[in-house]
Ligand code: GLU
């Protein structure tokens, strides 16, 4: 590369900078030319909307909504919608770019996008959330579409919100169009296996990495930070394969039991307890962040960004980190983790099971057909395992970490496609 300066890394809490610094390293190793570098570093489209919503008490509140399309070079853009108080443009930009790289790593024909609304769904009624979701869909009516941009769930949203999105979009078109969104309820054209898909991909990646590290699953221990959709299914599926899950955590704190936590019982407890682990008695309660520093074989961060950072990276004792969340490790922590010899199955590889089964959902909707759960799992497991092997091989070939190898695989694919398609 010619004149491009190293990507700045001022604030490690800025996920876009964190994404850019890895993108920069991988681009340099690949010898990416300046033209392609500049195309790929800038999101293709950024839309910001203000959404006035009538709250249940009759007042009107205005919410900020975002949709960033990072790239549509590989195909229609794909990515979830996040409802969280911390949502901001930089975060959505980073998450959108990560979707581009993620789809490229698992070789599915999508570009990357992400949406978000700054709100706290935990403090909103279902009616308020429905009005917000429908208003957002209408505001994005020119953006969304089965061949343009296909949303899905992310933090704070699930099948219920996707049903409202599908319904609102379909009303404006005068017909049912279920392929505009994935992660829908089964009866609306959702796919079998989609709910568990991200956690299942985390499990497949963890087992593949354990094989490389010669860790026997039946003699291994694991801690799962974040007990939402991704973390709970990852924990359950790992436990089913012999891994002893000794700790899980959520916003209420962390729960440790050296004999292993009964994950199904913990999930049942959470489901009957307003979605929180608060008051769980099957384990000892420890300080929330301490879960990251436990002496376990496998650590699965499955909550949010930057939880492993320069403050705590030195104290991590796991042999393997499998990233269920997007961006859980800051760029500064990468170096510390690598120096400690810890293997990382990075987010854009390890949590790609969700978007992979989203792709299957979209394919089934377009075929007007339904696959069995067994077919979905078999095909997504194979995609995840092949992607892991490809990233591992690339890491050996270039002598780089698994994270940089995943970026190399992804950027190379998108850059080659861009070259064939051409610019102006
Ligand atoms: N939100 C999920 C992710 O970050 C899934 C996206 C999708 O299925 O489109 O990968």
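Just a few scattered comments:
- When the residues of the stretch 83-109 are filtered to those that are touching a strand residue (DSSP E or B) at 6+ places or on another chain (Cβ under 6 Å) and near the ligand (Cβ under 8 Å from one of its atoms), the one that is nearest to residue 407 (Cα to Cα) is 99.
- Qualifying residue in the stretch 136-145 (condition: under 17 Å from the mean Cα position of the chain (by Cα) and within 16 Å of the ligand (Cβ to nearest atom)): no
- Filter result for residue 281 (more than 30 Å from residue 211 (Cβ to Cβ), outside any helix (DSSP H, G or I) and either within 16 Å of the ligand (Cβ to nearest atom) or at pLDDT below 95 (or both)): no
- Counting the residues of the stretch 139-160 that are farther than 21 Å from residue 185 by Cβ and free of Cβ contacts under 8 Å to residues at least 60 places away in the same chain gives 2.
- Check on residue 287, at pLDDT below 95 and at negative phi: yes
Residues are listed down the side, and each one gets a yes or a no for (1) more than 15 Å from residue 21 (Cα to Cα); (2) modelled with pLDDT under 95; (3) more than 21 Å from the chain's Cα centre (by Cα):
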residue: 294; (1), (2), (3): yes, no, yes
residue: 298; (1), (2), (3): yes, no, no
residue: 303; (1), (2), (3): yes, no, no
residue: 307; (1), (2), (3): yes, no, no
residue: 312; (1), (2), (3): yes, no, yes
residue: 319; (1), (2), (3): yes, no, yes
residue: 323; (1), (2), (3): yes, no, no
residue: 327; (1), (2), (3): no, no, no
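- So residue 416, is it without any contact (Cβ under 8 Å) to a residue 40 or more places away in the chain, more than 14 Å from the ligand (Cβ to nearest atom) and surrounded by fewer than 22 Cβ atoms within 10 Å (Cβ to Cβ): yes
- Complete set of residues in the stretch 354-411 that are outside any helix (DSSP H, G or I) and surrounded by fewer than 17 Cβ atoms within 10 Å (Cβ to Cβ): 368, 369, 370, 372, 399
- Of all residues making up the stretch 8-39, the number that are more than 20 Å from the chain's Cα centre (by Cα) and either buried (at least 19 other Cβ atoms within 10 Å of the Cβ) or modelled with pLDDT of 95 or more (or both): 11
- Tallying residues that are more than 10 Å from the ligand (Cβ to nearest atom) and not in a loop (DSSP other than H, G, I, E, B) within the stretch 343-353 yields 5.
- Residue under evaluation residue 319, criteria (1) in contact (Cβ under 8 Å) with a residue 40 or more places away in the chain; (2) touching a helix residue (DSSP H, G or I) at 6+ places or on another chain (Cβ under 8 Å); (3) farther than 22 Å from residue 84 by Cβ, criterion not met: (2)
- Within the stretch 157-183, considering residues that are in a loop (DSSP other than H, G, I, E, B) and within 11 Å of the ligand (Cβ to nearest atom), the one surrounded by the fewest Cβ atoms within 10 Å (Cβ to Cβ): 158
The values are calculated or read from the model by the stated rules, or taken from the named source; none is laboratory data. Nothing here was measured: the structure is a model prediction, and the numbers come from that model. Don't worry about glycine lacking a Cβ; one is built from the backbone with ideal geometry, like all the others, and counts go over all protein chains shown.
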